[in-house]
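Contents: one structure, followed by commentary.
Throughout, read-outs are computed from the coordinates displayed, never taken from laboratory work. This structure is a prediction, so every number in the text was calculated from the model and none was measured. In this analysis, Cβ positions are derived from the backbone assuming ideal geometry, glycine residues included, and neighbour counts consider all displayed protein chains.
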Amino acid sequence: MRSWIAATTIGLTLAAIGPDGLRAEDDAPAGASSSASPSLRAVPDAAVLIGPDAVQQLAVEGVEDGRDRTSSASFSVGDEGVAVVDASGMISARGDGETSVIVEVGGDRVEVPVKVRRFADPPPIHFANQVVPIFTKLGCNGGGCHGKSGGQNGFRLSLLGFEPELDYETLVKEGRGRRVFPTAPERSLLLTKAVAEVPHGGGKKLEPGSHEYDLIRRWIAEGMPEGAPDAPTVARIEVHPPDRVLSRGADQQLLVTAVYTDGATEDVTRWTQYESNVSDVAAVESGGRVRAGELPGMAAVMARYQGQVAVFRATVPRGGPVAEAIDFEPSNYVDELALAQWRELGLTPSDVCSDEEFIRRAALDITGTLPTVAEVDAFLADEAPDKRARLVDELLGRPEYAATFAVKWAEILRNKRGGNASYQRSTYRFYDWIRRQIDRNTPFDEFTRRILAASGTPETAPATAWYRNLTQPDQFVDDAAQVFLGMRLQCAKCHHHPFEAWSEDDYYGFAAFFGRVGRKDSTAAGKDGRDELVIFTRRSGQVPNPKTGQVMEPRGLGEPAPIAVPPTEDPRDALVDWLADPENDFFAPAVVNRYWAHFFSRGLVEPIDDLRATNPATNPALMEALCDDFVASGYDLKHLIRTICNSRLYGLSSLPNGTNADDTQSFARFYPKRMGAEVLLDAMARVTGVPNRFDGLPAGTRAIELPDESVRSDFLDTFGRPRRETACECERVGDASLSQSLMLLNSTDIQSRLADDSGRAAALAADPRPVEEKVEGLFRLAFGRDPSDSELATAAFHVESRPDAAREAFEDILWALVNAKEFQFID
């Protein structure tokens, strides 16, 4: 099972530890009292607090249903000289000894034994393990405050505390130690600014007497100990529970446990940072309280502490009456896994779309081309039960399929001239190469190898054009990770990734695969307009971590050991071997998610190139099944498309029903999407009957055949054609704008197409067929359907009422059709 997709399973934390790292489990108090209610339990069921700084968050839940009852529970403690508990269930130490916390919910009751040790004789505070997390929790070392590269007002901390050694030097030694005052800790600038006794740009961050305030004060009073350099560090964090089904408006208290390198554990719920990826489904407050919203769906809550991350998954059903049976017959495993999730969420899928809708949808998605009237008529007349599957196969065999997806990959791979005329030849060759690979259905792992491990010149190996704008190993990492792993690794270039486990060593270990890439100009460069950049593999080449100076060996992300590459071999081949390994957790999901988003308007993971453990798929089981199937097929892209398009899921109507109108994640209905700029322009050309004209290219060249972004087109730029400056698909803008509306309504280009002497309006005016028949053909061409009775009557009346201006009347009808939302959208 793919590690980033699967939910993490953890055990319950039974105790907390103090800063000395002693194993609390070894000295745990007796289990819960026998007076506990059989229907109620507390997590953990016992706690050991070591030292005055230790705390333990409690969660209260039903034994049978697991439903959280923390917010409705009351807490009290037997001996407040030993421990106290607040209204949220957080236990704090007050003195050595043993006591119990009594938890009550209605008539149910449970006791949690508590033992406090070393309160009067605490071990020294460890700066990195105890003080730095407070700065992170309060946002002091965030990117908008003291954690940014230049710091804030002369005071700089490492971003999110990833370099505690730097933080210690800054706080204790910089400026002659003016920020801390051991003889009067409460007068230290570090505290007086935090409690707003003196002006502080960040405002008040601490309350005097709070747990955080007291800990920092004690650290200063003890002489600001840095802590033993060999002290245990946080190896991972665990969240309880890992997932829950929450009713709308319900709460869930999370518990976060830090597991140290020596195996000891500590409750860190209070100092953990939380973030929900869909706050409308489930929002999270400081302290780990999750609250389900009114929007049904799935949400992932990221917990981050000391550079470690974990995820809680919330499922919020619609609620209310649920249909006992759903009228949905699965066509393949995609449908089966979607159906399982709809049942969990209480959703009923929309009806299957009409044949008219399906042929238009599939033709535009697969080939970027409107179906002709004859194609629509033939499809509607076909009564075979497998006609939709046969249509998908037929569309995949057309040259327009390769052209459409060549544009997609040329954008992601940043194939562009960028105003450099000498790049035109290599840009065109790279585009043609991409289109041939797609047309031949080259397995995606081989397609990847021919790009990442390309050697030669654009004449001999067109894929070397990918290296034209990438000159340094870090640039290779950023683009390769985003394109082929669906990851945004740029953060790890300078510091530990804030949302992932990747460090700078991980980043530069990945960069080392490109450390021996050589480049030079050949003797043919500049001749006949050639761009003859030569890419080759050198026998040596190093990539150091710029911060530590350590020379990095090639290593795949998450791999425990580097990959040894002999001088006679290309490290980039080793990179692709690692990528294409069936056990790789990242390669298949990246392309599967891209293609899913192409057909369904949004990915199983959003953003589509931000795959990480803290941003899981909305349907993890479906993502895993698609990836396993894609790998088993030999990375066959046409097989992936067939699987998607032959699902009944893809054939659902976009019209919502009473249960799925608010659904934006589980695909219980088809989500309409705007045509891409190139597809819309080509559709405009087909409907108006006037071919496109691009400078320097043959008349009739389609927009989906343009090799790069340098071909001038005001229409394409207005409708969101990307500039190919980055490898992110987010460059393509799909949102509507006023300028787009104005262009369609009255631009010279659109008006000239409508009024063209060789255009469709002129041809229809001269066509002797009945007006109604001609109008029906227009609707089938533009919308893929027949007009309604009122639409037909209105259009026919408009033409027949102007016998001396029939051409202008048909121009009016065409103008209305291309400006209709139904024309511009795929639904």
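When each pair of different Cα atoms in the chain is counted once in the 1/r mean, what is the Kirkwood radius in angstroms, to one decimal?
30.5
If N is the number of residues in the range 24-117, what value comes out of its Cα radius of gyration divided by 2.2 N^0.38 Å?
On the way: Rg = 12.3 Å, N = 94, 2.2 N^0.38 = 12.4 Å.
With N residues counted in the range 24-117, Rg over 2.2 N^0.38 Å equals 1.00.
Rounded, prolate or oblate: which one fits the range 505-617, using the alpha carbon gyration tensor with axes a ≥ b ≥ c (rounded when a/c is under 1.5, else prolate when a/b beats b/c, else oblate)?
Note, shape of the range 505-617 comes out oblate.
Fewest Cβ neighbours within 10 Å first, please rank 396, 792, 745, 452 accordingly. Before the final figure, lay out the partial values.
Numbers: 396 19, 792 16, 745 12, 452 23.
So the ranking, lowest neighbour count to highest, is 745, 792, 396, 452.
Which whole-number value in Å³ per residue fits the convex hull of the alpha carbons of the range 687-827? Let's see the in-between values first.
Values: hull volume 18.3 nm³, N = 141.
Cα convex hull per residue, to the nearest whole number: 130 Å³.
In what sequence, highest mean first, do 548-557, 473-482 appear when ranked by Cβ atoms within 10 angstrom?
The densest-packed peptide leads the list: 473-482, 548-557.
Highest first, please rank the peptides 698-705, 197-204 by the mean number of other Cβ atoms sitting within 10 Å of their residues.
698-705, 197-204
Between the DSSP loop rule and a limit of at most 13 other Cβ atoms within 10 Å, which GluC sites (Glu not before Pro) in the range 370-426 are left?
Answer in residue order: 383.
Using helices alone, what [θ] at 222 nm do you get for the chain, with -39,500 (n - 2.57) per DSSP H run of 4 or more residues, divided over all residues and rounded to the nearest 500?
One gets -9500 deg cm²/dmol as the mean residue ellipticity at 222 nm.
Mind putting a number on the dipole of the range 400-580 about its Cα centre? Charges go on the C-beta only, +1 for Lys and Arg and -1 for Asp and Glu, and I need it in Debye to the nearest 20. Before the final figure, lay out the partial values.
Numbers: 24 positive and 24 negative charges, 132 e Å.
So the magnitude is around 640 debye.
State the dimensionless ratio Rg/Rh of the range 127-221 (Rg: radius of gyration of Cα atoms; Rh: Kirkwood radius). Walk me through the numbers before you get to the answer.
Working: Rg = 12.0 Å, Rh = 13.1 Å.
With Rh from the inverse mean 1/r over Cα pairs, Rg/Rh is 0.91.
Antiparallel as a % of all DSSP beta bridges within the chain, to the nearest 5?
90
Ranking request for peptides 502-515, 802-815: highest mean number of other beta-carbon atoms within 10 Å first, then the rest in descending order.
Taking the mean over residues of other Cβ atoms within 10 Å, the ranking is 502-515, 802-815.
Which of the aspartates and glutamates could a cross-linker bridge to residue 673, judged by Cα under 18 Å and excluding same-chain residues fewer than eight apart?
Qualifying aspartates and glutamates at Cα under 18 Å: 356, 357, 365, 606, 662, 663, 682, 729, 731, 735, 822, 827.
Using modelled amide H (1.01 Å from N, peptide plane; none on Pro or chain starts), what sits under 5 Å from the amide H of residue 701, excluding residues fewer than 5 places away?
694
Which order results if 798, 497, 126 are arranged by neighbouring Cβ count within 10 Å, fewest first?
With the sparsest Cβ surroundings first, the list reads 798, 126, 497.
Checking a compactness column here: for the range 749-813, what do you get for Rg(Cα) / (2.2 N^0.38 Å), N being the number of residues?
Ratio of Rg to 2.2 N^0.38 Å for the range 749-813: 1.05.
Which listed residue (149, 220, 746) has the Cα farthest towards the positive end of the charge dipole for the chain, taking +1 on Lys and Arg C-beta and -1 on Asp and Glu C-beta about the Cα centre?
My answer, from the dipole projection, is 149.
Could you pull out the trypsin sites (Lys or Arg not before Pro) across the range 373-444 that fall in loop regions by DSSP (anything but H, G, I, E, B) with no more than 15 other Cβ atoms inside 10 Å?
440
Taking 18 Å as the cut-off for C-alpha to C-alpha distance, list the pairs among 387/821; 137/204; 387/774 that go past it.
Violating the 18 Å Cα-Cα cut-off are 387/821; 387/774.
Put +1 on the Cβ of every Lys and Arg and -1 on every Asp and Glu Cβ in the chain; which of 733, 461, 279 then has its Cα farthest towards the positive end of the dipole?
Positive-end residue among those listed: 461.
Take the alpha carbon atoms of the range 609-626, find their center, do the same for the range 764-813, and report the distance between the two centers in whole angstrom.
48
Kindly identify the range 400-580 as rounded, prolate or oblate by the Cα gyration tensor criterion: order the square roots of the eigenvalues as a ≥ b ≥ c, call it rounded if a/c is under 1.5, otherwise compare a/b with b/c, prolate if a/b is larger, else oblate.
Details: a/c = 1.84, a/b = 1.48, b/c = 1.24.
Prolate, because a/c is 1.5 or more and a/b exceeds b/c.
Any idea which of 191, 139, 127 is furthest toward the positive side of the dipole for the range 127-221, if Lys and Arg beta-carbons carry +1 and Asp and Glu beta-carbons -1?
Most positive-ward Cα: 191.
List the lysines whose alpha-carbon lies under 19 Å from that of residue 416, not counting same-chain residues fewer than 8 positions away?
Residue 416 reaches 408.
What dipole magnitude, in Debye to the nearest 20, does the chain give about its Cα centre under +1 on Lys/Arg Cβ and -1 on Asp/Glu Cβ?
2460
For a quick check of your reading of the filter: which chymotrypsin sites (Phe, Trp or Tyr not before Pro) in the range 634-704 sit in a DSSP loop and have no more than 14 other Cβ atoms within 10 Å? It would help to have the intermediate numbers written out before the result.
Details: sites: 635, 650, 667, 670, 694; in loops: 635, 650, 667, 670, 694.
Answer in residue order: no site qualifies.
Would you mind computing Rg(Cα) / (2.2 N^0.38 Å) for the range 566-722, counting N as its residues?
Taking the Cα Rg and dividing by 2.2 N^0.38 Å, one obtains 1.31.
Which value, in debye to the nearest 20, describes the size of the charge dipole of the range 278-436 about its Cα centre when Lys and Arg Cβ atoms bear +1, Asp and Glu Cβ atoms bear -1, and nothing else is charged?
The calculation lands at about 1520 debye.
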